[in-house]
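Enquirer: Dropping the structure in here first, questions after.
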Amino acid sequence: MRASIQAIIDGVIQREGGYVDNPHDKGGPTKYGITEAVARDNGYMGKMSELPRALAFDIYVKRYVSGPGFDKLADLSPNVAAELIDTGVNMGPHWPSVFLQQALNVLNRSHRRQGPDWPELIEDGRIGNQTINAVRRLLDLHGKEGEDVLLKTLNILQGYRYFEIARRNPTQEEFFRGWIAHRIGGLS
């Protein structure tokens, strides 16, 4: 496993902390950010408070790194990979995948006379070669500034999703401040 992926997962586990069982949290009991449902889907049948860190780490790799294809981005941009993995842990890996494709489509400058910087992406939440190539092209064209703008755009989309969750379900307002304070910006 790449050192960058190891460091990203270690950072997410640290931010997620230990065992939590808040009755308003739709995820139910969690440990290291792994919900009970996800732990059960991965064969763990013990008490959530006793979930081994090593198993949580393996679940992260399978479900939140390799599964959605975020590992393919780690060599191009560890910062973008870290953002996508962290967001995926918090709201499921589909959402950050869609956010990435939406952001890349808007950053594409598709209406220029000389044409777009890369082919328009289908916003299906699947990280494949076209999405990877679009990230590569963005970084080739715009370097660190392009990466920074992409990260800010991902954070905008993530923040708005949190806003919509809390607005639509007042029981989730309890978590909104923490989501914004600890999940938006500041990973890189």
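The values are calculated or read from the model by the stated rules, or taken from the named source; none is laboratory data. Just so it is clear, the structure is predicted and the values come from calculations on it, not from any experiment. Virtual Cβ from ideal backbone geometry, glycine too; neighbours counted across all protein chains shown. Heavy atoms of the whole protein, side chains included, go into the accessibility calculation; ligands, DNA and RNA do not. Shrake-Rupley method; radii C 1.70, N 1.55, O 1.52, S 1.80 Å.
Enquirer: Enter the Cα centre distance for the pair region 143-188 and region 1-64, rounded to the nearest angstrom.
Expert: 21
Enquirer: Over the chain, what is the mean sequence separation of C-alpha contacts under 8 Å (at least six apart), divided by residue count, expressed as relative contact order in percent?
Expert: Reported relative contact order: 16 percent.
Enquirer: Continuing with this model, one more query. Let me make sure I get this right: for region 1-54, a, b and c are the square roots of the gyration tensor eigenvalues over alpha carbons, sorted descending. Under 1.5 in a/c it's rounded, otherwise prolate if a/b > b/c, else oblate. Which is it?
Expert: Prolate is the answer for region 1-54, as a/c is 1.5 or above and a/b outweighs b/c.
Enquirer: Next question. Rank these by accessible area, largest first, 1.4 Å probe: Tyr162, Tyr19.
Expert: Tyr19, Tyr162
Enquirer: Please build a GNM for the chain, connecting alpha carbons under 10 Å apart, and tell me which residue among Thr35, Thr131, Thr171 fluctuates the most.
Expert: Its mean-square fluctuation being the largest, the pick is Thr171.
Enquirer: Could you order Ile184, Ile9, Ile156 so the one with the most accessible surface comes first? Probe is 1.4 Å.
Expert: Most to least solvent-accessible, the answer reads Ile156, Ile184, Ile9.
Enquirer: For region 42-87, rounded, prolate or oblate, judged on the Cα gyration tensor with a ≥ b ≥ c (square roots of eigenvalues), a/c < 1.5 rounded, else prolate if a/b > b/c?
Expert: Prolate, because a/c is 1.5 or more and a/b exceeds b/c.
Enquirer: In addition: For region 114-162, which semi-axes, largest first and in whole Å, follow from the square roots of 5 times the eigenvalues of its Cα gyration tensor?
Expert: Result for region 114-162: semi-axes of 19, 16, 10 Å.
Enquirer: Also, I was wondering about something else. Could you work out the Kirkwood radius for the chain, taking every pair of different alpha carbons, averaging 1/r and inverting it, reported in Å?
Expert: In the chain this quantity evaluates to 17.3 Å.
Enquirer: How big is D for region 62-114, in µm² s⁻¹ as a whole number, if Stokes-Einstein is applied with the Kirkwood radius of its Cα pairs at 37 °C and 0.692 mPa s?
Expert: Rounded to a whole number, D works out at 282 µm²/s.
Enquirer: Taking only protein heavy atoms into account and a 1.4 Å probe, give the accessible area per residue of the chain in Å².
Expert: 52
Enquirer: Also: After finding the eigenvalues of the alpha carbon gyration tensor for region 80-188, what semi-axes result from the square roots of 5 times each, listed largest first in whole Å?
Expert: Semi-axes (√(5λ), whole Å): 27, 14, 12.
Enquirer: Counting only protein heavy atoms and a 1.4 Å probe, tell me what percentage of region 1-132's accessible area is made up of carbon and sulfur.
Expert: Here carbon and sulfur together make up 51 percent of the probe-accessible area.
Enquirer: Follow-up. Would you please put 89-100, 40-51, 21-32 in order of how densely packed they are, using the mean number of other Cβ atoms within 10 angstrom per residue and starting with the highest?
Expert: Put in order of decreasing packing, that is 89-100, 21-32, 40-51.
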